[in-house]
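Student: Have a look at this one.
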Amino acid sequence: MRKLLSSYEGIVGSAVLGQLRQLGEKLAGASIVHVNSTREGGGVAEILDWMVPLMNDAGLSASWEVIHGEPRFFEITKAFHNGLQGHTVPLTMKDWKIYEDVNEKNFERLRPALEEANFVVIHDPQPAGLLKLCDRRKGKWIWRAHIDISRPFRPVWKGLRPFVEKYDASIFSMAEFAQLLPHPQFLVPPSIDPLSEKNRELEPSEIEAVRTEFGLDPSRPLIVQVSRFDRFKDPVGVIAAYRLVRKVAPVQLVLAGGGATDDPEGKAVLEDVQEAAGNDPDIHVLLLPSGAHRTINALQRLADVIVQKSTREGFGLTVTEGMWKGKPVVGGDTGGIRLQVVNHHTGFLVNTPEGAAHRIRYFLHNRNRIDEMGSIAREVVRENFLLTRHLRDYLTLMLVMAKDPRERLLKV
Amino acid sequence: MKPFEVMDCALLTRMSGIPPAINLRELRDRLAVCGENVLFHHYCETTLRTTFDNPDYRNDFAVWAKLYLGDRVLAERLGILDPYSFPSMEELRAATLEVIDERLSELVMVPWARPGDEFFFMESTMVVFDTGARITNPNRLGPFIRKMTNSSVYYHFLEARRRTPDGKDDFSAWLGKCGEPYRPHADALSTIDYYFNSLGYLRREIARVLAYVKGASK
């Protein structure tokens, strides 16, 4: 179903939508082409899935193109992805040649759209090589980095930098994730869609069905962490925190994640988690299929306290999702969690299992604070981390790029 | 009387290009040479940025001093600086440097942050646009403000203080031109402690103050 701005009026209010329409009017008819590497699966595809129709609804002419490549190309770009996040990855000259060749082939297919567009937004490294090939481009080209590239594996960044530094601008989610580049670097945090399966309101019967399905006791408090089984998400640390709480309160723990089976590292972490959980019937380790959005949604709504005890994190959209459901979050003091979790207001930042246990106990003893902080958390998300703010940032960025990106005040 | 033209704005933040500071000395040295827009962003535009709107301190320097340098004394001294009370950004810069220099002289070691907790210098562009809405009756200003976006309130009530030659907010300036009956309204707006609150609070407070004066003058 085509998404429309008006669908969000009941959530963000007419003033916010009016602002988006007015910004859209200033850009009426401008063409914008988004390019990424997949139409399904992953955070970028999820963003473009709503952003393109909403940009069109705001009066622009937006389209979404996807580059194609052989499996080897995607292995190489997966290595880029890991290398940019600091992992040591082996890349050969031949790999870089394959990267350029695939970009060239895709460019021939996409040439008319890319040459004519007023704005081209290239998402992540996979299609970044397209700019170099587009000599007759008319519009502004922007590179959008969705990951933290602040501490990359140097050979990967050294190889990629010549492709991205020629862009007219780049976008990062947070200042902490950026690299110094010779063009304006804008900061646009990610967002969630409040009407998506992951975040929409659910019928109480559906939530209760999920409780029954996983054998959760409605009379006892529930702690939930949703994240893939990854060492940086510290699921074993969450179990340690649970055990500290369990000494004094009859809590239950759900660790829900997915996609670990085809990832050797994920599989090993899952085994560690299962071993740490042992035979405790109150620890529920749930390996969910990738499309289990409504189940995740229901689990977050069933939670008394949401935990995201990461030791390293990107933006942490599972925190945003939990906060949107009116839950306070006990989160790791790292990455984008810091931007969302504010001590004593929307949750607590912690550094250790002991710290997490302490804060969970605080909530269990002060149930009113769960509701108070949960309510603030929801408003923080409404104001800052819903897709309407994300769309506003993009519209603003296009207006700025069309004029002068270094001006302090632009009247349009 | 010219109607009040309701404007709105959207803020786009960007990296300033200044390397991040890892300790108080670096913060001081970079603050001494950064552009005025960087200073303005970290002192004044924090309310409009994507962030929790009720932090301990309104300016980023105080927040960083508290959270990442662990220096609460410095945080308190920086946190009380009201950027709108300085005639110019240069004077605000001088006051900020004075606070930091004084603190550096009191300490035997320069406070530092852990890697990853550096201070990132940012600036922004504000895109301003006409909403098309016009207010002709001064008595309608308060009710209208209740429905305004936070960014509109920011533009007219806070940003105006830097934009206009006399440093006045747009609401007071317009009410001042509406004749003697509306002078108390303009005067009442000057009693609002506007720097230390969120924009949502400020919007409600402006509307409340105007409603109160209107009621009192009946």
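Student: In region A:255-335, which GluC sites (Glu not before Pro) fall in coil by DSSP and have 13 or fewer other Cβ atoms within 10 Å?
Tutor: Qualifying residues, ordered by number: none.
Student: Additional query: Could you derive backbone 3J(HN,Hα) for region A:357-369 from the dihedral phi with the Karplus parameters 6.51, -1.76 and 1.60 (θ = phi - 60°), listing whole Hz in sequence and x where the residue is Gly or Pro?
Tutor: 4, 4, 6, 4, 4, 4, 5, 5, 8, 10, 4, 5, 5
Student: Sticking with this one: Take the Cα coordinates of region A:284-412, assign each an equal point scatterer, and use the Debye formula without solvent to give log10 I(q)/I(0) at q = 0.09, 0.13, 0.22 Å⁻¹.
Tutor: -0.33, -0.61, -1.26
Student: Report, in cubic angstrom per residue, the convex hull volume of the C-alpha atoms of region A:139-237.
Tutor: Cα-based convex hull of region A:139-237, divided per residue, equals 173 Å³.
Student: Further, regarding this structure: Of the trypsin sites (Lys or Arg not before Pro) in region B:113-193, which ones lie in a loop per DSSP and count no more than 15 other C-beta atoms within 10 Å?
Tutor: Answer by residue number: B:Lys177.
Student: Within 10 Å, at most 14 other Cβ atoms, and a DSSP state outside H, G, I, E, B define an exposed site. Report the longest part of chain A free of exposed trypsin sites (Lys or Arg not before Pro).
Tutor: Counting at most 14 other Cβ atoms within 10 Å as exposed, the longest clean stretch of chain A is A:248-402.
Student: Sum up the charges of everything whose Cβ sits under 11 Å from the Cβ of A:Pro221, counting Lys and Arg as +1 and Asp and Glu as -1, but leave A:Pro221 out.
Tutor: Charge balance near A:Pro221 sits at +1.
Student: Show me the three semi-axes of the equivalent ellipsoid for region B:18-120, from the C-alpha gyration tensor (sqrt of 5 times each eigenvalue), largest first, rounded to whole Å.
Tutor: Output for region B:18-120: semi-axes of 19, 16, 14 Å.
Student: Which lysines, if any, have their Cα less than 27 Å from the Cα of A:Lys411, not counting same-chain residues under 8 positions apart?
Tutor: A:Lys26, A:Lys138, A:Lys140, A:Lys403, B:Lys2, B:Lys147, B:Lys168, B:Lys177
Student: Then there's this: Whole-Å semi-axes of chain A's equivalent ellipsoid, largest first, each the root of 5 times a Cα gyration tensor eigenvalue?
Tutor: Square roots of five times the eigenvalues give 38, 26, 18 Å.
Student: Give the lysines whose C-alpha is closer than 22 Å to that of A:Lys233, dropping any in the same chain fewer than 8 places away, or say none.
Tutor: A:Lys233 reaches A:Lys78, A:Lys198, A:Lys267, A:Lys309, A:Lys325, A:Lys327.
Student: Any idea of B:Asp166's accessible area? Nearest 10 Å², probe 1.4 Å.
Tutor: 100
Student: With contacts defined as alpha carbon pairs under 8 Å and 6 or more residues apart, what's the relative contact order of chain A in percent?
Tutor: 14
Student: Sorted by accessible area (1.4 Å probe), largest first, how do B:Thr46, B:Thr191 line up?
Tutor: B:Thr191, B:Thr46
Student: Something else: In whole Hz and in residue order, list the ³J(HN,Hα) couplings for region A:212-221 that follow from phi through the Karplus curve 6.51 cos²θ - 1.76 cosθ + 1.60, θ = phi - 60°; x for Gly and Pro.
Tutor: 5, 4, 9, x, 8, 7, x, 8, 10, x
Student: Next question, about the same structure. Only counting protein heavy atoms at a 1.4 Å probe, give the residues of region A:163-179, ordered by number, whose accessible area falls by 50 Å² or more when the other protein chains are present relative to the chain alone.
Tutor: Flagged in region A:163-179: A:Ala175.
Student: Of B:Leu97, B:Thr46, B:Trp64, whose Cα points farthest to the positive end of the dipole of region B:18-120 (charges on the beta-carbon: +1 Lys, Arg; -1 Asp, Glu; origin at the Cα centre)?
Tutor: Highest projection toward the positive end goes to B:Trp64.
Student: Follow-up. Quick one: pull the percentage of alpha-carbon pairs in region A:1-108 with a separation above 22 Å.
Tutor: Of all Cα-Cα pairs in region A:1-108, 49 percent lie more than 22 Å apart.
Student: Using a simple charge model, +1 on the beta-carbon of Lys and Arg, -1 on the beta-carbon of Asp and Glu, nothing else, what dipole does region A:204-384 show about its Cα centre, in debye to the nearest 20?
Tutor: Using Cβ point charges on Lys, Arg, Asp and Glu, region A:204-384 gives about 500 debye.
Student: Starting from region A:183-213, pick out the GluC sites (Glu not before Pro) whose DSSP state is loop and whose Cβ has at most 14 other Cβ atoms within 10 Å.
Tutor: Sites meeting the loop and neighbour criteria: A:Glu197, A:Glu201.
Student: Which value, in Å² rounded to 10, gives the accessible area of B:Cys44 with a 1.4 Å probe and all protein chains present?
Tutor: Looks like 0 Å² after rounding.
Student: Now a separate question. Determine the dipole magnitude for the protein assembly as shown: charges of +1 sit on the beta-carbon of Lys and Arg, -1 on that of Asp and Glu, nothing else is charged, the reference point is the Cα centre, and the result goes in debye to the nearest 20.
Tutor: The dipole magnitude comes to about 1000 debye.
Student: Can you compute the helix-only [θ] at 222 nm over chain A? Use -39500 (n - 2.57) per DSSP H run of at least 4 residues, normalise by all residues, nearest 500 deg cm²/dmol.
Tutor: Rounded to the nearest 500, it is -14500 deg cm²/dmol.
Student: So what is the 222 nm mean residue ellipticity for chain B from helices alone, if each DSSP H run of at least 4 adds -39500 (n - 2.57) and you divide by all residues, rounding to the nearest 500 deg cm²/dmol?
Tutor: -13000 deg cm²/dmol, from helical runs alone.
Student: Could I ask something else about it? When we measure straight from the Cα of A:Lys158, which aspartates and glutamates land under 18 angstrom away, once same-chain ones fewer than 8 places off are left out?
Tutor: Partners found: A:Asp95, A:Glu100, A:Asp124, A:Asp148.
Student: So, taking all protein chains as they sit and a 1.4 Å probe, how much accessible area belongs to B:Met1, in Å² rounded to tens?
Tutor: My reading of the accessible area for B:Met1 is about 130 Å².
Student: For region A:329-340, in order, what is each residue's ³J(HN,Hα) by Karplus, 6.51 cos²θ - 1.76 cosθ + 1.60 with θ = phi - 60°, in whole Hz (x at glycine and Pro)?
Tutor: So the Karplus estimates, Gly and Pro as x, are 10, 9, x, x, 7, 7, x, x, 4, 5, 6, 10 Hz.
The values are calculated or read from the model by the stated rules, or taken from the named source; none is laboratory data. Predicted model, so just to flag it, every value in this text is computed and none were measured. Note that each Cβ is placed from the backbone with ideal geometry, even for glycine, and that neighbours are counted across all protein chains shown. Note: accessible area is taken over every heavy atom of the protein model, side chains too, but ligands, DNA and RNA are not part of it. Shrake-Rupley method; radii C 1.70, N 1.55, O 1.52, S 1.80 Å.
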